[in-house]
Amino acid sequence: MKKIEAIIKPFKLEDVKDALVEAGITGMSVYDVKGYGRQQGHSELYRGAEYVVDFLPKIKIDLVVQEDMVDTAISAIVEAAKTGKIGDGKIFVSSLDEVVRIRTEEKGPEAI
Ligand SMILES: Nc1ncnc2c1ncn2[C@@H]1O[C@H](COP(=O)(O)OP(=O)(O)OP(=O)(O)O)[C@@H](O)[C@H]1O
Ligand SMILES: [Mg+2]
């Protein structure tokens with residue numbers, strides 16, 4: 001099982017959610033977050049200016065999928081979230097040890 005954490009522009013949330021549902025993803029969590037990437041929250045890097053980092057509002061989406069769905073999920077997110085401009089976001093993928101569905105006590109891929 002893999003955990004996919006995607007940081008996207010807030011206005012792209014509906015498109016990304018629709019794309020993930022379309023791709024067969026059965027569950028996800030969404031968070032309001034603030035962050036910065038290489039531009040440190042500025043629209044351009046400026047030299048000699050005061051060093052100030054601005055946190056910009058972003059949406060974080062967590063989803064856990066079986067390994068054979070990782071590429072599908074990533075493609076769906078990228079296609080829906082991309083504008084081609086800076087700050088489009090990032091996707092992090094990591095291995096996940098265990099999932100438990102509380103109601104049924106199913107574990108592992110069955111519980112996703
Ligand atoms: N290395 C990182 N670790 C954790 N979160 C990150 C990292 N890089 C970016 N983020 C998160 O993703 C958001 C969007 O990052 P962003 O798309 O600006 O990345 P970037 O590397 O600067 O790419 P770009 O040049 O396209 O802007 C940030 O606001 C932050 O929340
Ligand atoms: Mg950036």
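The numbers here are math on the coordinates, done by the rules we state, and not lab data. Treat the numbers as computed from the prediction; the structure is a model and nothing was measured. Cβ: placed from backbone, ideal geometry, glycine included. Neighbour counts: every protein chain shown.
Structure summary
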| item | result |
| --- | --- |
| Surface/4 of the Cα convex hull for the stretch 73-112, nm² | 4.1 |
| Fewest-first sequence of ILE86, ILE59, ILE112, ILE77 by Cβ atoms within 10 Å of each Cβ | ILE86, ILE112, ILE59, ILE77 |
| Using alpha-carbon coordinates, inclination of helix 13-22 to the longest axis of the chain, degrees | 30 |
| Sites matching GluC sites (Glu not before Pro) across the stretch 1-94 that sit in DSSP coil, with at most 13 neighbouring C-beta atoms within 10 Å | GLU44, GLU50 |
| Principal semi-axes in Å for the stretch 24-112 [√(5λ), Cα gyration tensor, largest first] | 35, 15, 10 |
| Farthest toward positive dipole pole in the stretch 2-111 [+1 Lys/Arg, -1 Asp/Glu at C-beta], among THR104, PHE11, VAL52 | VAL52 |
| Nearest-ten-degree value, helix 70-81 long axis tilted from longest Cα axis of the chain | 40 |
